[in-house]
Amino acid sequence: MVMRIALVSIKPGVGKTTSAMFVCQSLHELGLAPLLIDADKGQSALEWMEEAEGLDFPVVGQAITTLHRSLPDLENDRGAVVIDVPQLEDHESIARGALLYADVWVFPVAPAGIEVRRTKKKLTEKLNAIKDERERFGLPRNPMVEAVLLNRTNRPYATKTGPDADVREALTTGESPLHVLTNQVQFHDDLYRQCYGLPVETEGTTYPDVTKELLAWWEVAK
């Protein structure tokens, strides 16, 4: 069974493409032979691969609205397919196709106080509409895994106090609570933003732990 992962956000600037790249590299290191689908019209992941003159996994550009129909033909012997999905607020039709296809939905979120509550509300509204469509396609309404990845945080690991704790509470309580991964990703320019166009190195990052947590949830759901 191929693990189908979609990384999607309401707005840009939350580390979605970087997370897709590092999750793919982590999957490669676990022996899952991943394929990365760059569904964003900006083609950042595809350009990253070209700048790096190749990565440990292939990147294919597919900024189309029919991903749910085209991607099964690209799976071949892959153990995982990871989709860098464009932001929902600008490219909902492409995101919809990705979320019809994927069975693991990951939402990178940068903690930013009240902005998180607004993100949660908008995200939930968009996801519920797509879940309605999944049912119309004869698919399970809910994906196998649906989780928030806290990204660009002040700490690499969850704390009981501080901004990341406040954000976790905002996301996991109230109306339409979301599951938040235990592992999170610290803001670190040297490891992430400045690595664009270079081979992806997971050492010193929490992405291997993030990926293992997603795999564990997926295995349980299977």
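The values are calculated or read from the model by the stated rules, or taken from the named source; none is laboratory data. Keep in mind the model is a prediction, meaning the values are calculated, not measured. Ideal geometry is used to build each Cβ from the backbone, glycine not excepted, and the neighbour counts take in all protein chains shown.
So if I check each of 36, 32, 7, 46, which one is without any contact (Cβ under 8 Å) to a residue 60 or more places away in the chain and under 13 Å from the mean Cα position of the chain (by Cα)? Write out each step before concluding.
Working: 32 fails: under 13 Å from the mean Cα position of the chain (by Cα); 7 fails: without any contact (Cβ under 8 Å) to a residue 60 or more places away in the chain; 46 fails: under 13 Å from the mean Cα position of the chain (by Cα).
The unique qualifying residue is 36.
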Take the conditions modelled with pLDDT of 95 or more and in contact with a helix residue (DSSP H, G or I) (Cβ under 6 Å, 6 or more places away or on another chain) and apply them to residue 85. Does it pass? yes
Look through 55, 35 and report the one residue that is in a loop (DSSP other than H, G, I, E, B), over 18 Å from residue 209 (Cα atoms) and modelled with pLDDT of 95 or more. 55
Need the failing condition index for residue 137 against (1) more than 19 Å from the chain's Cα centre (by Cα); (2) surrounded by 14 or more Cβ atoms within 10 Å (Cβ to Cβ); (3) hydrophobic (A, V, I, L, M, F, W, C), just the number. (2)
Could you grab me the full set of residues in segment 166-190 that are under 24 Å from residue 36 (Cα atoms), surrounded by 19 or more Cβ atoms within 10 Å (Cβ to Cβ) and of a type in the set (A, V, I, L, M, F, W, C)? 180, 181, 185
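Considering segment 52-77 alone, what residues qualify as being among the acidic types (Asp, Glu) and more than 18 Å from residue 99 (Cβ to Cβ)? So that I can check it myself, show each step before the final result.
Residues of segment 52-77 among the acidic types (Asp, Glu): 53, 56, 73, 75, 77.
Matches in segment 52-77: 53, 56, 73, 77.
Tally time: how many residues in segment 155-165 are over 20 Å from the mean Cα position of the chain (by Cα) and surrounded by fewer than 16 Cβ atoms within 10 Å (Cβ to Cβ)?
Just the residues of segment 155-165 that are over 20 Å from the mean Cα position of the chain (by Cα), to begin with: 159-163, 165.
Applying the additional criterion that residues be surrounded by fewer than 16 Cβ atoms within 10 Å (Cβ to Cβ) yields 159-162, 165.
Summing the residues that are over 20 Å from the mean Cα position of the chain (by Cα) and surrounded by fewer than 16 Cβ atoms within 10 Å (Cβ to Cβ) in segment 155-165 gives 5.
Quick one: is residue 11 surrounded by fewer than 19 Cβ atoms within 10 Å (Cβ to Cβ), modelled with pLDDT under 95 and under 22 Å from residue 186 (Cβ atoms)?
yes
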Test: residue 65 is outside any helix (DSSP H, G or I), of a type in the set (S, T, N, Q) and out of contact with any Pro (no Cβ under 9 Å at 6 or more places or on another chain): yes
Is it fair to say residue 80 is of a type in the set (Gly, Ala, Ser) and buried (at least 20 other Cβ atoms within 10 Å of the Cβ)? yes
Log entry, pairs with first residue in segment 51-66 being in contact (Cβ under 8 Å) with a residue 60 or more places away in the chain, second being crowded, with 16+ Cβ neighbours inside 10 Å, beta carbons closer than 6 Å, six or more apart or on different chains, reads 55/49; 56/28
In segment 196-222, anything assigned to a loop (DSSP other than H, G, I, E, B) and of a type in the set (Asp, Glu) is listed as 201, 203
Wholly inside segment 76-195, helices (runs of 4 or more DSSP H) that include 3 or more residues that are in contact (Cβ under 8 Å) with a residue 60 or more places away in the chain are 92-101, 114-136
